[in-house]
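Accompanying notes for the structure given below.
The values are calculated or read from the model by the stated rules, or taken from the named source; none is laboratory data. Quick caveat, the model's predicted, so the values are computed rather than measured. In this analysis, Cβ positions are derived from the backbone assuming ideal geometry, glycine residues included, and neighbour counts consider all displayed protein chains.
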Amino acid sequence: MKQHRLLVVIALILTFSLSYANEIEKVSITFEYHSDNPNETSEQAVIKAIQRAKEKLLKDKYGEDINTINTIYKSNESSGEEAKSSTKLFALSETALRGEWIETTKEKVVEGPTFTNGFWYVKVHLEGKTRSKSGTPIEIKSAFVNNEHDRDQRDIFYDTDYIYLRFSSPVDGFLCVYLVDEQQNAFCMLPYENNTVGYQTIQANKKYLFFSQTEDTDATEYMMRTDRSQETNVLYTVFSPNKFVKAVDDQGGLYNDHESLPRMLPYSDLLKWLARLQTKDEQMVVKTDMIIIKP
């Protein structure tokens, strides 16, 4: 069966789920972040500024709840030895207070990041869409592992490691899995390339091992590759008990002129697709995982 070797990426994302029962509102906030960690990098400072701006807006507007769940995506670019924040940033964030962040329509670093007296300062401006929360998300179980016998989520993979997904749900439903790279390409890992219906069905309480030809001879296997000192791979696991199909994508082409890539679409289009689905589907769950790839 065909194997894919994936170009891994720089991004940071945490986990989120969204519901739609209440009215969607347009919001904006300008927020100043002062680092309290002397070991923080400029990239981490920007990420935290974005995260805390959204937390503050949701807390002030809707009030507090028990749990906090955030999703942040940030891309970077390098100039010589200096790492800089990209001028084109994407982010989705949801703080599970009594409100949730559905979509970011504008995101800009207004000032900084600047390093003064051992700490970073960043000022950001965000615009987006929010709503008050309703309903309880479905609790899925998922873990990305590097061999067919592992059970727990692995955060570090090494060059030529294979990746597998363990998945289970308490209800029947539908599943898609995407990988996002630093060029802001989103690769569809599940459903597999030979799938013609656009979704992967899930049976309640069944334990799945995806990307394994031992479990499914029609499965596509994925090998993680890197030629850098360290890279980060970000994976989206999208599940709902309500039927949906994957986003519209194109053939992935080749990596290093000879290694085929999965089907793909721009990351911005993936975000728009997710926002449309989540606006209509209060039970949809989107889980994100970040793994580090080393030589």
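Quick notes on this one:
- Residues of region 254-295 classified as under 18 Å from the mean Cα position of the chain (by Cα), in a strand (DSSP E or B) and of a type outside the set (S, T, N, Q), total: 11
- Qualifying residues in region 240-271 (those that are in contact (Cβ under 8 Å) with a residue 24 or more places away in the chain and among the charged types (D, E, K, R)) - the one surrounded by the fewest Cβ atoms within 10 Å (Cβ to Cβ): LYS243
- Taken across region 102-116, residues that are of a type outside the set (Gly, Ala, Ser), modelled with pLDDT under 80 and assigned to a strand (DSSP E or B) do occur, with at least one present.
Yes/no per residue for (1) in contact with a Gly (Cβ under 9 Å, 6 or more places away or on another chain); (2) over 18 Å from TYR164 (Cα atoms); (3) not assigned by TED's automatic domain parsing to the domain that holds PHE167:
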{"site": "ILE202", "(1), (2), (3)": "yes, no, no"}
{"site": "PHE210", "(1), (2), (3)": "no, no, no"}
{"site": "ASP216", "(1), (2), (3)": "no, no, no"}
{"site": "TYR222", "(1), (2), (3)": "no, no, no"}
{"site": "ASP227", "(1), (2), (3)": "no, yes, no"}
{"site": "VAL234", "(1), (2), (3)": "no, no, no"}
{"site": "VAL238", "(1), (2), (3)": "no, no, no"}
{"site": "PRO241", "(1), (2), (3)": "yes, yes, no"}
{"site": "VAL245", "(1), (2), (3)": "yes, yes, no"}
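- The selection criterion, being modelled with pLDDT under 75 and not assigned by TED's automatic domain parsing to the domain that holds ASP289, holds for LYS84.
- The numbered conditions (1) modelled with pLDDT of 90 or more; (2) farther than 30 Å from MET223 by Cα are all true for SER132 except (1).
- Test: residue in region 152-175 that is modelled with pLDDT under 95, at positive phi and in contact with a helix residue (DSSP H, G or I) (Cβ under 6 Å, 6 or more places away or on another chain): no
- Elements of type strands (runs of 3 or more DSSP E) in region 152-239, at least 2 residues being touching a residue at least 24 places away in the same chain (Cβ under 8 Å) and closer than 22 Å to MET264 by Cβ: 162-168, 173-180, 185-190, 221-225
- Residue count for region 14-55 under the criterion of being out of contact with any Leu (no Cβ under 8 Å at 6 or more places or on another chain) and modelled with pLDDT under 70: the result is 8.
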